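The values are calculated or read from the model by the stated rules, or taken from the named source; none is laboratory data. On a predicted model such as this, the values are computed, not experimentally measured, just so you know. No Cβ is skipped: glycine too gets one built from the backbone with ideal geometry, and neighbour counts run over all protein chains shown.
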Amino acid sequence: MSKGAAWGGLTGAERSAHAGETAGQTGPLEEFVYDDKIVRMFAFATVLWAVVAFLVGVLIALQLTFPALNLGLPYTSFGRLRPLHTNAAIFAFAGNAIFAAVYYSTQRLCKTRMFSDTLSKLHFWGWQFIIVCAALTLPSGFTQAKEYAELEWPIDILIAVVWVGFFGVNFFGTLVRRRERHMYVALWFYIATIVTVAMLHVFNSLAIPAGLLKSYSVYAGVQDALIQWWYGHNAVAFFLTTPFLGLMYYFLPKAAERPVFSYRLSIIHFWSLVFIYIWAGPHHLHYTALPSWASTLGMLFSVMLWMPSWGGMINGLLTLRGAWHKVTQEPVLKFFVVGVTFYGMSTFEGPMLSVKLVNSLSHYTDWTIAHVHAGALGWNGFMAFGMIYWLLPRLFQTELWSKKLANAHFWIGTIGILMYILSIYAAGITQGLMWRAFDAQGNLAFPDFVETVTQLMPFYLIRATGGLLFLTGGLLCMLNFVMTWKNRPARYEEPVHAAPALRPIPAVAGLADTESRLHANTNLGHTGDKFLQGTWHRRLEGKPIKFMIWVLIAVAIGGLVEAIPMFLVRSNVPTIESVTPYTPLELAGRDIYISEGCYNCHSQMIRPIFAEVKRYGDYSKPGEFVYDHPFQWGSRRIGPDLAREGVINPNSLWHYNHFRDPRAVNPNSIMPSFAWLLHDKIDFAQIQTRVRAMAMLGVPYGEAVEEGVAQAMAEIQAGDIALEIEQAGGPSVAETRDKKVIALIAYMKRLGTDLTKTPAAPAEATANAE
Amino acid sequence: MLSDVFGNLRLDVFPTVGMVFFLVAFIAISWRAVRASRAEMDEAAGIPLHESDSTGSKGE
C-alpha cells in the first residue's frame, strides 16, 4: 500500500494533524483500573426505580377506571401520584440508566478511571437521596406544579449541586485527564446533556420561597408557560434523548461488534440536534395565550428536527449491517433494535404533533400520553434494559443468569408497549373528535364532558393491562439482575489496563494552528482558507471545555431568541384593566389546587377553537394570567377545562358536594373524592407570608401585605362562602368556615371572572397599586 | 431601556438571526464532516471497539 493510500488521501494539513495526534500519544505508558463498582450501583438503582416507576404508573392507570383505588387517602390520589410516576420514570429510572451508561462508557472511551471516586459516590448517593425526597414530598402535596419540575426549591438546589458539582465536575475532570486524543461522539452527547440540563434546571426553577417547602415561580402566566415548556420539551431532548443517543453510539456498536455506520453522519446528527431541539418547546402551547409567532417558531423547528432525529435513527439501525443474524440470538440486540425503532417512530410523530392543525386535535388528549409512552417505554425503556443485559455479565463477571428470561422480558415488554400505546392512541383520537363534534343543529354533540370520559374506559383498561405487562418485564429483569449478581465471583477481577499518557500537541505539528495554503495577502483570505481546511472542528473534538462552551452557545441561541422578545416586548402580553390579583383566600385556594395536583387532569386554557369556545366560554387572553405564579394551563383534560369555572358554575354548595363525593354529583365522574379538604383546616396565619412572597414578585397586593391584613381578609371571605353554603342547604358556617375546601371553592369561583368584572376606578387602582 | 430597544425591533428579527446562526453552523459542520478522510472517520468510529470488555474468568 502506498503511503498516500495509507493516509486515506489526507491533505498536507490533515497529515500533519495526524502526526500531531500520534506525537501526543507517545507519552509514557500508564496503568489504570476502571471503577466498575459505581456502574454496578447505578445499574441496580436503574432496575429498582424502574419497578417503582412502573408500579406507580399501573396504579394511577387503574385509578382512571377505578377511582376508589386511591383508598380515600390524599397521598395516593391521582393528582399527587402522577408527578411521582413521571419523576420516577424520568429522573430515577432513566436518570440512573444514563449515569450507569456514562460511568461505564466514559472511562473506556477516555482510557482512564473516573476523575474522583469520592465525587462518583457523592453523585450516586446524592441522586438517590433526591429521589427519596421526591417520593416523600410529592405524595405529601409539596409541588411547584410545573410538569417534570415539580420538586420544591430545597430539592432543586440539591439537584443543581449534585448535577453540576458532583456529576459535571467528575465527568469533565475525566475528559480532561483522558488518554484517548479524540473524544468519541458518545461523549459529545453526554457533554450536551450535562450542560443543557443544568441550564434548563436553573432557569426554570427560579422561585421565591414562601416557606421551607413552598415557593412561587418568578415567572408568571405567558412567560412562565414559555420557560416551563422550554424546560419541559428540552427535558425530553437533553435528558431522554441526547444521553440515550450517547448510549446508543457506544453500546450498540459494542453489542453488534461493528463500528457505527457513519461517523460523518454522527457529527452532523449531533450539532443539528442540539441546535434545533432547544427551539421546539413552544409547540406545547399552540393556540394558547402564547403569542402565535413563538408557537409557529416552535412548530417550524420541530419539523426541522425530524431530519437529525432520523439521521441518528438510521445511523443506529445501519450499524447492524452485516450483524442482523445476531439479533435473533441476542436479547440485547433485540432490545436495541426495537428501542431505536421506537426512537424513529416517536421522532416522526413528534414533529407531526407539532403541526398546528394536528395539534388542535391532539392537544390535551391521551394522544400525547401515547406519544410520550412510545418514547419512554420503547426508546428509553428498551435502550436502558438492553444496556443492563449487556452490562450484567461484564459487571458481575459471570454469565447472564437466564437468557430465556431476558427474551421473555423482551416479548412481554414489546406486547405491553403495543397494548399501551395503541389503546391510548385510540382513546386520544376518540376524545379529540368527541370534543369537537357538532350535531345537525350546530350544538355540541357531547355537551356533557363526562360522556367523553366514559367512552374511554375500555381503552383505559387495555392501557392498564399493557402497563402491567411492562411492569412484569421489569420484575423479570430485576430477577435476572439479582440471580446474576448471586453468581458473581467471590472477588471481582480488576484488570489493569495500560495506555500512553496524552501530551500537549506541539504547535509545529499543525493541529494547534493550521497554516494557510494561500499566497494571498489578505487576512480574510488566510482565515477563510484555514476554515475550509476543516481542522478547527478536529481540534474542538479534542478539547472538552471549549467543546462544552460551543454546545452552550448552540443551545443558548434558541432559548434567547424565544425568551428575549417574550420578556422584553410588552405587546406580547397586553394588559387587561379588569384583571386583579387573587384575594388572599383565593391565593390559599390556588395553593391547595396546586398541592392536590389538579393541573394533572384539568387545563385552564380555552383555545380560540370554535368547539372550545362553545363548550367553555370566551377564549383565554394573555393578560388574564399576569398574576399567575406559576401558570396553571395544564397539558391534558382528563376532566374539563376550568378557565371559566367561576363564570360557568359559581355555586358554592355544588362545589362543596363535588369535592366531598364527585360521584354523588355526577355518577359517571372518575374524579377522586377530596373528602379530606372538608376536615383539614386552612392555615390562616400562613396566608400572610404567601401574600408577601407574591408581592415580592411584583403582584400589587396593596395594604394586604401589612401584618394581619391578608389573614383578616381571608377569614371574612371564608365566612361569606361558608354562609352561602349554609343558606343553600349545606352544612353550617361553624362547620365549614375554616376548612380547606372553602379556600378551594373561593379559587374555583374566581376562575375566569376577571373579564366580566368592571375595571376598578383609576383612583382606587392607584391606591391599590401603591 | 433594553425593553425599548427590543420593543422597537420587528419580531421576525429574532428567529431570522437565530436561523442565520444555525445555517452557518450547519454548513460549517457539514463541510467538516464531508471533508474528513475515510481513515480518520474509521479510526474515530472504531474507538469503542478498541477496548475489550472482559467478563472475567468465570464469565468467559
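Would you confirm, using the coordinates I've provided, whether A:Met387 is assigned to a helix (DSSP H, G or I) and within 30 Å of A:Gly298 (Cβ to Cβ)?
No, not satisfied.
In region A:273-297, how many residues are assigned to a helix (DSSP H, G or I) and farther than 25 Å from A:Lys621 by Cβ?
Here the count works out to 5.
Please name all residue pairs, on different chains or six or more residues apart, with Cβ atoms under 8 Å, provided the first residue is in region A:564-579 and is touching a residue at least 40 places away in the same chain (Cβ under 8 Å) and the second residue is among the charged types (D, E, K, R) and surrounded by fewer than 17 Cβ atoms within 10 Å (Cβ to Cβ).
A:Ser578/A:Lys757
Is it the case that some residue within region A:466-477 is at pLDDT 95 or above, over 35 Å from the mean Cα position of the chain (by Cα) and over 30 Å from A:Arg181 (Cα atoms)?
No, every residue in region A:466-477 fails to be at pLDDT 95 or above, over 35 Å from the mean Cα position of the chain (by Cα) and over 30 Å from A:Arg181 (Cα atoms).
Can you confirm whether region A:714-723 contains a residue that is in a loop (DSSP other than H, G, I, E, B) and touching a residue at least 24 places away in the same chain (Cβ under 8 Å)?
Among the residues of region A:714-723, not one is in a loop (DSSP other than H, G, I, E, B) and touching a residue at least 24 places away in the same chain (Cβ under 8 Å), which makes the answer no.
How about region A:239-264: which of its residues are more than 29 Å from the chain's Cα centre (by Cα), within 20 Å of A:His325 (Cβ to Cβ) and in a helix (DSSP H, G or I)?
Scanning region A:239-264 gives a single hit, A:Ala256.
Being assigned to a loop (DSSP other than H, G, I, E, B) and surrounded by fewer than 18 Cβ atoms within 10 Å (Cβ to Cβ) is the filter here, so list the residues in region A:166-180 that pass it.
Across region A:166-180, the qualifying residue is only A:Arg177.
Restricting attention to region A:661-675, report how many residues are part of a helix (DSSP H, G or I) and surrounded by fewer than 17 Cβ atoms within 10 Å (Cβ to Cβ).
Residues in region A:661-675 being part of a helix (DSSP H, G or I) and surrounded by fewer than 17 Cβ atoms within 10 Å (Cβ to Cβ): 4 in total.
Inspect region A:74-91 for any residue being under 30 Å from A:Arg179 (Cα atoms) and out of contact with any Lys or Arg (no Cβ under 9 Å at 6 or more places or on another chain) and give the result as yes or no.
The answer is no; no qualifying residue exists.
Hey, among the residues in region A:186-229 that are assigned to a helix (DSSP H, G or I) and in contact with a His (Cβ under 8 Å, 6 or more places away or on another chain), which one's surrounded by the most Cβ atoms within 10 Å (Cβ to Cβ)?
A:Trp229
For region A:385-399: of the residues being in contact with a Leu (Cβ under 8 Å, 6 or more places away or on another chain) and surrounded by 24 or more Cβ atoms within 10 Å (Cβ to Cβ), which is nearest to the other protein chains (Cβ to nearest Cβ)?
Here the residue is A:Leu392.
Being touching a helix residue (DSSP H, G or I) at 6+ places or on another chain (Cβ under 9 Å) and farther than 25 Å from A:Asn380 by Cα is the filter here, so list the residues in region A:65-90 that pass it.
Residues satisfying the conditions are A:Thr65, A:Pro67, A:Leu69, A:Asn70, A:Gly72, A:Leu73, A:Pro74, A:Tyr75, A:Thr76, A:Ser77.
Checking A:Gly542 against (1) under 30 Å from A:Glu180 (Cα atoms); (2) assigned to a loop (DSSP other than H, G, I, E, B); (3) modelled with pLDDT under 80, only one condition comes out false. Which one?
Of the numbered conditions (1) under 30 Å from A:Glu180 (Cα atoms); (2) assigned to a loop (DSSP other than H, G, I, E, B); (3) modelled with pLDDT under 80, the odd one out for A:Gly542 is (3).
In region A:143-177, which residues are β-branched (Val, Ile, Thr) and touching a Cys at 6+ places or on another chain (Cβ under 9 Å)?
Matches in region A:143-177: A:Ile155, A:Thr174.
Out of A:Pro253, A:Pro259, I need the residue that is surrounded by 23 or more Cβ atoms within 10 Å (Cβ to Cβ) and closer than 24 Å to A:Trp188 by Cβ. Which one?
From the options A:Pro253, A:Pro259, the qualifying one is A:Pro253.
Select from region A:34-75 the residues that are surrounded by fewer than 19 Cβ atoms within 10 Å (Cβ to Cβ) and touching a Pro at 6+ places or on another chain (Cβ under 7 Å) and list them in ascending order.
The answer is A:Pro67, A:Tyr75.
Conditions tested, residue by residue: (1) modelled with pLDDT under 95; (2) surrounded by fewer than 18 Cβ atoms within 10 Å (Cβ to Cβ); (3) on the phi < 0 side of the Ramachandran plot; (4) touching an Asp or Glu at 6+ places or on another chain (Cβ under 8 Å).
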residue: A:Lys404; (1), (2), (3), (4): no, yes, yes, no
residue: A:Trp411; (1), (2), (3), (4): no, yes, yes, no
residue: A:Ile415; (1), (2), (3), (4): no, yes, yes, no
residue: A:Ser423; (1), (2), (3), (4): no, no, yes, no
residue: A:Gly428; (1), (2), (3), (4): no, no, yes, yes
residue: A:Gln431; (1), (2), (3), (4): no, no, yes, yes
residue: A:Ala437; (1), (2), (3), (4): no, yes, yes, no
residue: A:Phe449; (1), (2), (3), (4): no, no, yes, no
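Quick one: which residue in A:Ser346, A:Ser302 is in contact with a Gly (Cβ under 9 Å, 6 or more places away or on another chain) and either more than 14 Å from chain B (Cβ to nearest Cβ) or hydrophobic (A, V, I, L, M, F, W, C) (or both)?
A:Ser346
So which residues in region B:21-43 are buried (at least 16 other Cβ atoms within 10 Å of the Cβ), among the aliphatic types (A, V, I, L, M) and more than 7 Å from chain A (Cβ to nearest Cβ)?
B:Ala28
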